[in-house]
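The next block holds one structure in the form of structure tokens; read it before the comments.
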Amino acid sequence: MQDRTAQACSRRMASLVLGRSERTVRRWCDDGTLRVVGSDAAGRALVALDQVLDMLGDAEVARGEAREPWVRLLLDADAGDADALACLGTELLHAGRGAGAVSLLLEAAQMQHADAMHWLAHCHLQGLGVPRDPDLALMWLHRAAAQGHAVARAQSQALRRLCLQSLPG
């Protein structure tokens, strides 16, 4: 696990947060746009987190006091924490960075994170970061409900009642 005092994240995390391909981030590392500050135990190149946050260009992130929660969130997400992955995914979704958001939500959902599954249902239903797909939306909704997500459970039950009422009896 990376040392938190280094305040660096993987190139993969930088690409997801910035909405750029890993190839672009690698090119930025090669040309000095992003500073490589070392590597972690897995051999992943780590880039300066302050530069990644500066490149976001978001006034909320740029401010000193508001920056620390973003630093913690990115470090925890990059370390594979399911709650942080889901939270960062929803933050990116609200910031209009759907593709990166969906990738993070998928990673959290693979760890059985019910809230991430519910957000994926929303993404597939609305076409946020992925093509609109009501079938996948229902799948994620039911998975979230099966994991105990209260809102997903209520929505799933309401859909079931609606379907049963429409069947010929």
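The values are calculated or read from the model by the stated rules, or taken from the named source; none is laboratory data. Predicted, not measured: the structure shown is a model, and the values here were computed from it. Ideal geometry is used to build each Cβ from the backbone, glycine not excepted, and the neighbour counts take in all protein chains shown.
Brief remarks follow.
- A single member of 75, 93, 138 is in the same structural domain as residue 49 (by TED's automatic domain parsing), outside any loop (DSSP other than H, G, I, E, B) and of a type in the set (A, V, I, L, M, F, W, C), and it is 75.
- Of residues in the range 1-12 being surrounded by fewer than 17 Cβ atoms within 10 Å (Cβ to Cβ) and in a loop (DSSP other than H, G, I, E, B), the one modelled with the highest pLDDT: 3
- Flag if residue 25 is in contact (Cβ under 8 Å) with a residue 12 or more places away in the chain, in a helix (DSSP H, G or I) and not assigned by TED's automatic domain parsing to the domain that holds residue 7: no
- Extreme residue, farthest from residue 93 (Cα to Cα), among residues of the range 13-34 that are basic (Lys, Arg) and at pLDDT 95 or above: 27
Here's the yes/no breakdown for (1) within 26 Å of residue 8 (Cβ to Cβ); (2) loosely packed, with under 14 Cβ neighbours inside 10 Å; (3) modelled with pLDDT under 95; (4) of a type outside the set (A, V, I, L, M):
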| site | (1), (2), (3), (4) |
| --- | --- |
| 91 | yes, no, yes, yes |
| 108 | yes, no, no, no |
| 116 | yes, no, no, no |
| 121 | no, no, no, no |
| 139 | no, no, no, no |
| 146 | no, no, no, no |
| 160 | no, yes, yes, yes |
| 167 | no, yes, yes, no |
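- So residue 68, is it at pLDDT below 95, of a type outside the set (Gly, Ala, Ser) and either surrounded by fewer than 19 Cβ atoms within 10 Å (Cβ to Cβ) or part of a helix (DSSP H, G or I) (or both): yes
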